[in-house]
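Read the structure below first, then the notes.
No value in this document is a laboratory result; all are computed from the given coordinates. Computed from a predicted model, the values in this text were never measured in an experiment. Glycine gets a Cβ as well: all are built from the backbone with ideal geometry, and neighbour counts include every protein chain shown.
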Amino acid sequence: MKCRRCRGPAVIDVRRHNAAFCGECFVEHCNEQVRRAIDRFGMLGRGERVLVAVSGGKDSLMAWDVLSSLGYRVDGLYVGLGIEGYSEESARYARRFAARHGLELLERDLPSDYGYDIPEGSRAGRRAPCSACGLSKRHVFNAVALDHGYDALATGHNLDDEAAVLLGNVLRWEEGYLGRQYPLLPAAEGFVRKIKPLVRLGERETAAYCVIRGIDYILEECPMAAGNRHLGYKELLNDLEASSPGTKAMFLFGFLERAHGRFEDEAEDERKELRPCAGCGAPTPAEVCAFCRLRMQAGALVPVELQRTGE
Amino acid sequence: MKIFLRNPEREVEMAGPLSVHDLLARLEINPETVLVIRGDTLAAKDATLADDDVVEIRRVLSGGTGGTTP
């Protein structure tokens, strides 16, 4: 195979583009895809400060790397989840990347800063571990980004992530979630702007980018994610992609261009019901937000504290 | 050739020469879900792997995005 651009020997093929690339041209291709996503969805303006949620995995480290190389002012945020044997290891990858590239990494730790870890939160809150984790990270990412005055919070969600989430939301007709599934969520009262600059890149491309750029990322899967529904959806979509390249992109971008608008009213209705949490002030449809409830269930926040912080 | 696979970690031996495409077909692995790495370098699907190559087949799927919320 030859590189589509320079005709040199290719190292990676991207079947949905019917193309192959050498290492150097592939990095250029990835930068262009991120630039196109930023422009198409109006994610960032010139000179804006961005906080990237970094897990130590391939996607978030790539997002950090590409946004930095495109000239944005980007810091990282790592949230320790207290998952034994995994969280410390993933933190090392995030710290090593930051040190090697002279970038600033902020850190928060669920056990020491918020009084619980994901195994305990999952047990006490009777939630799947990935649900407790997602809820916790979304809250902390948003809070830290607002506290530090960042213009946007970037996550490493890629095309495969978004297509799998879309499939899950469609299978259950989660209208509110469908209305909020978009690569850009504008800032609103209590919410920082959220962007997904890797939405035009598949998971195989983000991994290939890291190998080519020499970015070390954690290869072990989170032990608590094994067998979750999201991974099952990815496998299904990859089976379709193998026989019909481009299926995932058509599914996701077809939704974004032709169907997303039909669900915006549901999302807007849900937004109108939000009010400040009595515990932390974050927007919530209930008196106490899901994050504070989880902390209470895990014994990390007592109602007395809740009243005091809510005053 | 020696082939290392991850999640779960295991090692298999296979005789070369063999193309990346044929290697994945023999192991019944969907090419969309992995990268094939020889040494430190990606190997394209038409690359020929030699008998003395050491190859990693790296799964690229990662899970857990907090349920179905965007």
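Here are a few things to note about the model shown:
- Over the C-alpha atoms of region A:71-161, the Rg to Rh ratio, Rh being the Kirkwood estimate, stands at 0.98.
- Fraction of antiparallel bridges per DSSP, chain A only, in percent to nearest 5: 35
- Two numbers describe the Cα atoms of the protein assembly as shown: Rg and Dmax, which are 21.2, 72 Å.
- At most 11 other Cβ within 10 Å, DSSP loop - GluC sites (Glu not before Pro), chain B: B:Glu9, B:Glu28
- When you filter the trypsin sites (Lys or Arg not before Pro) in region A:14-81 for DSSP loop state and at most 16 other Cβ atoms inside 10 Å of their Cβ, you are left with A:Arg46.
- Computed as a quarter of the hull surface, the mean projected area of the alpha carbon convex hull for chain B stands at 5.5 nm².
- Region A:139-266 - convex hull of alpha carbons, volume per residue in Å³: 142
- Where chymotrypsin sites (Phe, Trp or Tyr not before Pro) fall in DSSP loop in region A:144-223, at most 10 other Cβ within 10 Å: A:Trp173
- Within the straight-line cut-off of under 16 Å between alpha carbons, the lysines reachable from A:Lys248 are A:Lys234, sequence neighbours fewer than 8 places apart in one chain being disregarded.
- Computed from Cα positions, the angle between helix A:87-101 and the longest principal axis of chain A comes to roughly 60 degrees.
- For the pair B:Ala15 and A:Glu235, a Förster radius of 35 Å applied to the C-beta separation gives a FRET efficiency near 0.75, rounded to the nearest 0.05.
- Size of charge dipole - chain B - debye, nearest 20, with Cβ of Lys, Arg +1 and Asp, Glu -1, no other charges: 280
- Helix A:159-171 axis versus longest C-alpha principal axis of chain A: approximately 60°, rounded to the nearest ten.
- Range of Cα positions in region A:1-146 per principal axis (Å), largest first: 56, 34, 30
- Crossing angle, helix A:247-258 versus chain A [Cα axis fit, 0-90 degrees, rounded to tens]: 60
- Over the protein assembly as shown, DSSP H runs of length four or greater, each weighted -39,500 (n - 2.57), average out per residue to a 222 nm ellipticity of -13000 deg cm²/dmol.
- Over region A:1-40, equivalent-ellipsoid semi-axes from the Cα gyration tensor in Å: 20, 10, 7
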